[in-house]
1. Please verify whether V273 is in contact (Cβ under 8 Å) with a residue 12 or more places away in the chain and over 19 Å from K451 (Cα atoms), treating the condition exactly as stated.
2. Hey, any hits in segment 631-640 for a residue that's assigned to a helix (DSSP H, G or I) and within 27 Å of R275 (Cα to Cα)?
3. Kindly establish whether Q613 is in a helix (DSSP H, G or I) and either within 17 Å of F284 (Cβ to Cβ) or not assigned by TED's automatic domain parsing to the domain that holds W515 (or both).
4. From D695, D601, grab the single residue that is out of contact with any Pro (no Cβ under 9 Å at 6 or more places or on another chain), charged (D, E, K, R), surrounded by fewer than 19 Cβ atoms within 10 Å (Cβ to Cβ) and assigned by TED's automatic domain parsing to the domain that holds P510.
5. When only residues in segment 229-267 that are hydroxyl-bearing (S, T, Y) and under 21 Å from the mean Cα position of the chain (by Cα) count, which is surrounded by the most Cβ atoms within 10 Å (Cβ to Cβ)?
6. Inspect segment 557-578 for any residue being outside any loop (DSSP other than H, G, I, E, B), over 26 Å from the mean Cα position of the chain (by Cα) and under 29 Å from I650 (Cα atoms) and give the result as yes or no.
7. Tally time: how many residues in segment 415-437 are of a type outside the set (V, I, T) and buried (at least 22 other Cβ atoms within 10 Å of the Cβ)?
8. Restricting to segment 356-393, what's the tally of residues that are touching a residue at least 60 places away in the same chain (Cβ under 8 Å), within 27 Å of L425 (Cα to Cα) and among the hydrophobic types (A, V, I, L, M, F, W, C)?
Amino acid sequence: MIRHRPHGSGHPYAESEDQRVPVLPMAGESVELRVRASANVDSVVCDWVDIGLPALELPLSRPAAEEESAAVDGGHLAAAQAKAARAASGSWSVVTPPLEAGRRYSYRFRGGGTGSSRSFATTWFHVTAAEWRDEGGRLTVVGRDRVVPGSVRWLADGDEVRRGRFELALEPGAHVVGFGERFDAVDQRGRTLDAVVFEQYKSQGAHGRTYLPMPFAMVVNGPRSWGLHLDTSRRTWYEIGESIVVEAEGADLTLRIHEGSPAEVLDAFLGTVGRPAELPDWVFRLWASGNEWNTQDRVMAEMDRHRETDIPVGALVIEAWSDETTFTAFRGAEYEPSEEPHTLADYRFPADGPWPDPKGMVDELHARDIKVLLWQIPLQKMRPHPRHQAAVDARQILDRCVREADGRPYRNRGWWFPLALMPDLSSQEVRDWWTAKRRYLVEEVGIDGFKTDGGEHAWGHDLRYADGRRGDEGNGLFPVHYARAFGDLLRQAGKAPVTFSRAGFAGSQPHGAFWAGDEDSTWEAFRSSIRAGITASACGIVYWGWDLAGFSGELPSAELYLRAAGTSAFMPIMQYHSEFNHHRRPLRDRTPWNIAEQTGDSRVVPVFRRFAQLRERLVGYLADEARKTIAGGAPLMRGLFFDHPGDQDIWRHPLQYKLGDALLVVPVTDPGADKVEAYLPAGEWVDVWTGLAIDGGQTLTLPAPLDRPPVLCTAERWPDLSPVFTS
């Protein structure tokens, strides 16, 4: 067997061992052709045909052994990543002669094994070299035309125009914010980046990758700012320096330019992609979860501990509830397989099972004023071989899944749930079918929302979707359809559309809440997550949070945990979560009592309690401010440039942000600090802990005790908000 995939796995940032490199060669460039061969193949030859010239036989060679290894990250995906890193073994490659523009080349691979009469050959593949041209595509500008004259060019090979490129003039001193959720910087000037949905497992800031990209940014340059929105779901690239150089897949591009204040620019963008929908007030209370809370007893024990320690909790996310083959049945439930959606009466819950009474548990939690969300994954697992209900679901999804270009069902190419099938949620019929299997959870068990995790698994430019899109334009929309599907299910059951996603794209704004994805418990992750919140909000994401102090790796120190909790108390979503750690001791739960027990720091529980109780008193303010945002105002969590776009001093403190119109938050993101430098924009401010009035328009040092993170209130709103901080 010999395998060659010209585009590889579709991974946007890595080359596979069986692809063409580069996938889209430029004129004058040679191409490395890679194949994977089975163990019984010991020689491989490439037949290379340049039309009009004699065919060449190019022998392939194996890579050196040391080139086959690759570093992998730790955590719950380590084994899967290690397997992917070993995939280079068994690969072969050859480098072609340089390619000329306008010529079409064909190639195939042949191989054989010593001592065997059997030979192997692939089908023929074709490639042409691309070059940039002045003609070939179309760029439509809606709004003021800021495109630099003469900068529009088109990348075309022998088959079609592949990409467009143009340049936007950028004023000196302007700042560029947006492109979705960004972990590396608030102001992207001086950086290069792209917009493609991707599951970067940890260290997103270091890699410049994100689950939630958008082809939108605002250029802040005083009260008359402007924004750019490339109206596409395909991949885009940006180089931001003296100007903004934009590159995008496709031959017919639409660029929308919005002008006005930052809030007006954002509002105009949302008018195109969709406006946020209001969620109920309870989303502003504390959220709690742990990946190892995998029984009813464990869940209730953790909620009991909240009650015993007087730490109010408003939402519980149960991740490890299902059998993880269907994501519809509680683990341990007994029932008969069915092609029709189950009802609660179809299930029997053994008294000695992990979930003896799910509905009773949810009813009890509701009686305690705690809402319940369940974890979801938009995949049908195929490993191990599906049995029981999973076998039924696997048969049914074959007519309802995303497909390869040749019509075969798409198998997940990522390292998480490998080879799983993916429902084609671009179809309303499939969305209804997929969620109908979960309807009893909402209507009968009483579930209040879903953690819509893992929306990043669509890889491949030529996948086929039911709505007519190919992978290059449909993959980025998959997480939008995913959250919409579960939001619609909740609405149909008379509940608010509370979904909790990490992946998204332009168009995700109307669909629920979001969190920043997987991250270690480090100070750098703390800083990068604040940047993510500021940039996501600048693109219209209202309900946003992160796994405070990180969810993975070694436990955070007590100091990091409380600094993160103190900042998260002043973010749209305040929640803690912890990664699966195989139930090893000591536990890695991010509950305040576990942090206290493992660190030996007696301050953790009382300080966290103070933050959680303060958060309860903030709910009314947060709900009111969110309504203003949804009505077209500035974001709930927002960089200071929304309120002070002409103040250049705010950019020296990019992690400071406003929470609503009244509160200014100054995060403390370095260990050992008991004070912090802050910049207060013009106006009159009040220290919320002391009531001390402070003049704005200055840089000053603020005290930063662990239990009182620096937060300021505008003087005009202080009479209304002072009871929140003095109760």
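The values are calculated or read from the model by the stated rules, or taken from the named source; none is laboratory data. If you're wondering where the values come from, they're calculated on a predicted model, not measured in any experiment. For neighbour counting, all protein chains shown are included, and Cβ atoms are generated from backbone atoms with ideal geometry for every residue, glycine included.
1. Numbers: in contact (Cβ under 8 Å) with a residue 12 or more places away in the chain: yes; over 19 Å from K451 (Cα atoms): yes.
So V273 passes the test.
2. Taking segment 631-640 as the starting set, the residues that turn out to be assigned to a helix (DSSP H, G or I) are 640.
So of that shortlist, the ones also within 27 Å of R275 (Cα to Cα) come out as 640.
So far as segment 631-640 goes, yes, one or more of its residues are assigned to a helix (DSSP H, G or I) and within 27 Å of R275 (Cα to Cα).
3. Taking the combined requirement at face value, the residue satisfies it.
4. Numbers: D695 fails: assigned by TED's automatic domain parsing to the domain that holds P510.
Exactly one of D695, D601 is out of contact with any Pro (no Cβ under 9 Å at 6 or more places or on another chain), charged (D, E, K, R), surrounded by fewer than 19 Cβ atoms within 10 Å (Cβ to Cβ) and assigned by TED's automatic domain parsing to the domain that holds P510, namely D601.
5. Quick first cut of segment 229-267, residues hydroxyl-bearing (S, T, Y) only: 232-233, 236, 238, 243, 254, 261.
Among the residues that remain, those that are also under 21 Å from the mean Cα position of the chain (by Cα) are: 232-233, 236, 238.
On the way: T232: 21, S233: 23, T236: 25, Y238: 23.
Ranking the candidates gives T236 first.
6. Pass one, segment 557-578, residues outside any loop (DSSP other than H, G, I, E, B): 558-568, 574-576.
This time we only want the ones that are over 26 Å from the mean Cα position of the chain (by Cα), so: 558-559.
Restricting the remaining residues to those that are under 29 Å from I650 (Cα atoms) gives 559.
Yes, there is a match, as at least one residue in segment 557-578 is outside any loop (DSSP other than H, G, I, E, B), over 26 Å from the mean Cα position of the chain (by Cα) and under 29 Å from I650 (Cα atoms).
7. So the count comes out to 7.
8. 7
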